[in-house]
Amino acid sequence: MSGAEIAVIGAGVIGLAIAHRLALDGREVVVIDPAPPGSGASYGNAGTIADYAIQPVGTPDVLRNLPSLLFDRNSPLSIRHAALPTLAPWLLRFARQSLPGAARRNAVAIADLMAGALPGWDALASEIGGEDLMRRQGCMYLFETQAGFRGAQNDLAFRRSLGVSVEMLNGDELAAMEPGLPPVEGGAAYFPRAVFFTDPGAMVGRLEAAARAAGVQFVTARVDGLTRSAGQVQLTGVGLDLQAKRVVIAAGAHSKALARAAGDRVPLETERGYHVEWDMEVPRLSRPCCPTSRGFYFCPMQGRLRVAGTVELGGVTAPASAHRIAKLVEGARAFFPDLGPPDRKWLGFRPSMPDSLPVIGPSRGGDDVLHAYGHGHVGLTMAPVTAQMVADLVAGRTPDAAITPCLPSRF
Ligand SMILES: Cc1cc2nc3c(=O)[nH]c(=O)nc-3n(C[C@H](O)[C@H](O)[C@H](O)COP(=O)(O)OP(=O)(O)OC[C@H]3O[C@@H](n4cnc5c(N)ncnc54)[C@H](O)[C@@H]3O)c2cc1C
């Protein structure tokens with residue numbers, strides 16, 4: 001293939017949702033990715049459609065604890081020390097975005113984006129035949145101590161003020177809803193509206209199939225070069241030489257160099273995240289439960305229990321850390337001591353911005369290149385909202401006002 005109306009770089013949940021939406025709008029779309037569609041971060045996540053996750057990663061609390069969090073290799077937020085010099089500029093921006101005023105503004109902007117998340121997935125799941133993979137049983141934060149419960153009250157009140165539904169459960173109420181859990185002293189915060197996927201990889205597979213059925217073409221190649229010439233954008237790479245009228249950069253944590261080639265400098269880094277899985281017929285819980293002090297979720301998935309989460313700052317090239325995986329297993333065994341060695345281990349790359357807001361919108365050099373990446377911890381949740389915004393931009397419609405804080409021109 002040598003020409004296309006629209007080329008989408010990256011076949012994660014973001015690129016696929018965009019390609020699918022554009023194809024339904026009657027556009028001719030090609031998706032380019034060297035890896036199988038949906039095999040990046042979009043495969044191994046916790047599967048929560050977490051419209052309650054309106055807090056940015058950077059908050060005054062995180063800022064206060066940043067030194068101890070970053071330099072304690074056992075904490076849920078850690079850093080690979082070798083990567084510190086490269087990460088310093090991002091960390092500086094992150095620290096600034098964690099100050100009270102900025103953190104509050106970012107939360108309000110995230111809440112605006114989240115308003116469309118559940119309706120967006122309801123519509124998308126029905127279009128792609130994915131309803132059987134959705135569960136409407138909410139999600140929970142678990143507090144292992146009374147102090148943890150008390151410490152969360154301000155945060156939960158703030159979320160309520162931004163429209164999040166949350167119910168507090170004491171230990172007995174929690175035990176009644178999740179009898180498979182051991183006693184949890186501080187109880188739980190229950191987000192009843194939240195939805196989860198029993199297999200995010202399968203959901204993304206359905207999205208790929210629906211995109212193909214709508215006419216989207218797929219090219220297996222890595223985009224190494226992006227240049228503008230004569231009203232076209234040229235994409236090159238090994239075995240790839242393609243001209244498109246429009247290009248959407250949706251390569252997740254790998255988007256920075258492509259954005260740079262389009263003339264845009266974006267402070268994109270990755271928060272590396274892990275999962276471990278144990279095969280079992282009945283995965284012990286009815287809904288995703290996150291012991292907040294440990295920074296991971298127990299996720300009941302089809303035929304397995306997935307334990308997914310934690311943050312490791314340290315780039316996209318270093319191998320998985322055996323220590324981080326061991327900590328995840330240890331954390332899981334604090335609740336379920338009988339778990340043996342996990343059946344699978346996985347490392348994935350969240351595409352992370354210092355303000356926890358995605359980058360969505362036109363390049364400085366013109367709207368022939370659109371950006372759509374940087375969704376951090378909530379890319380699965382925000383995929384349909386992002387796709388709609390990109391489709392609106394392509395069609396010349398005014399996108400939802402929630403796009404404004406996401407524009408690449410904010411840097
Ligand atoms: C442990 C963990 C738990 C998570 N839990 C949740 C959750 O519960 N809910 C939620 O909403 N989100 C969650 N997330 C975040 C979510 O998974 C990501 O935000 C989302 O998957 C990002 O999607 P993406 O399409 O941008 O990136 P990816 O899925 O990583 O896709 C990017 C694609 O771009 C391709 N690519 C890279 N470079 C190039 C190139 N040069 N040319 C062509 N293609 C290229 C890659 O091969 C890849 O296929 C979690 C993430 C992790 C790691």
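The values are calculated or read from the model by the stated rules, or taken from the named source; none is laboratory data. Remember, it's a predicted structure, so these values are computed and weren't measured experimentally. FYI the Cβ positions are ideal-geometry reconstructions off the backbone, even for glycines, and counts take in every protein chain you see.
Structural remarks
- Residue list for segment 333-344, restricted to those being surrounded by 16 or more Cβ atoms within 10 Å (Cβ to Cβ) and farther than 11 Å from Trp278 by Cβ: Phe335
- Selection count, segment 293-318, where residues are in contact with a helix residue (DSSP H, G or I) (Cβ under 8 Å, 6 or more places away or on another chain), surrounded by fewer than 20 Cβ atoms within 10 Å (Cβ to Cβ) and among the β-branched types (Val, Ile, Thr): 1
- Checked against (1) within 30 Å of Pro319 (Cβ to Cβ); (2) crowded, with 21+ Cβ neighbours inside 10 Å, Ala257 passes all but a single condition, namely (2).
- Selected residue (only one of Gly396, Gly376, Gly365 is at pLDDT 95 or above and away from the ligand (no atom under 11 Å from the Cβ)): Gly396
- Of the residues making up segment 18-28, none is surrounded by fewer than 23 Cβ atoms within 10 Å (Cβ to Cβ), in the same structural domain as Lys327 (by TED's automatic domain parsing) and small (Gly, Ala, Ser).
- Among residues of segment 132-152 being farther than 12 Å from Gly187 by Cα and at pLDDT 95 or above, the one that is surrounded by the most Cβ atoms within 10 Å (Cβ to Cβ) is Cys139.
- Meets criteria (in contact with a His (Cβ under 8 Å, 6 or more places away or on another chain), small (Gly, Ala, Ser) and buried (at least 18 other Cβ atoms within 10 Å of the Cβ)) for Gly38: no
Yes/no per residue for (1) surrounded by fewer than 16 Cβ atoms within 10 Å (Cβ to Cβ); (2) modelled with pLDDT of 95 or more:
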{"residue": "Pro85", "(1), (2)": "yes, no"}
{"residue": "Trp90", "(1), (2)": "no, yes"}
{"residue": "Arg93", "(1), (2)": "no, yes"}
{"residue": "Pro100", "(1), (2)": "yes, yes"}
{"residue": "Ala107", "(1), (2)": "no, yes"}
{"residue": "Ala111", "(1), (2)": "no, yes"}
{"residue": "Gly120", "(1), (2)": "no, yes"}
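- Condition check for Leu63: hydrophobic (A, V, I, L, M, F, W, C), at pLDDT below 95, closer than 30 Å to Asn170 by Cα and out of contact with any His (no Cβ under 7 Å at 6 or more places or on another chain): yes
- Qualifying position, being more than 26 Å from Asp51 (Cβ to Cβ) and surrounded by fewer than 21 Cβ atoms within 10 Å (Cβ to Cβ), among Arg265, Arg246: Arg265
- The residues of segment 194-238 that are in contact with a strand residue (DSSP E or B) (Cβ under 9 Å, 6 or more places away or on another chain), charged (D, E, K, R) and not in a strand (DSSP E or B), listed by number, are Asp199, Glu208, Arg212, Arg222, Asp224.
- Helices (runs of 4 or more DSSP H) fully within segment 1-88 that include at least 3 residues being β-branched (Val, Ile, Thr) and within 11 Å of the ligand (Cβ to nearest atom): 13-24.
- Of the residues making up segment 380-407, those that are under 20 Å from the mean Cα position of the chain (by Cα) and either among the polar types (S, T, N, Q) or buried (at least 24 other Cβ atoms within 10 Å of the Cβ) (or both) number 13.
- Filter result for Leu313 (touching a strand residue (DSSP E or B) at 6+ places or on another chain (Cβ under 9 Å), closer than 27 Å to Pro100 by Cα and in the same structural domain as Met140 (by TED's automatic domain parsing)): yes
- Within segment 95-111, none of the residues are under 30 Å from Phe158 (Cβ atoms), part of a loop (DSSP other than H, G, I, E, B), in contact (Cβ under 8 Å) with a residue 12 or more places away in the chain and within 14 Å of the ligand (Cβ to nearest atom).
- Hits in segment 228-263 (condition: among the β-branched types (Val, Ile, Thr) and either touching a Ser or Thr at 6+ places or on another chain (Cβ under 6 Å) or within 12 Å of the ligand (Cβ to nearest atom) (or both)): Thr236, Val238, Val247, Val248, Ile249
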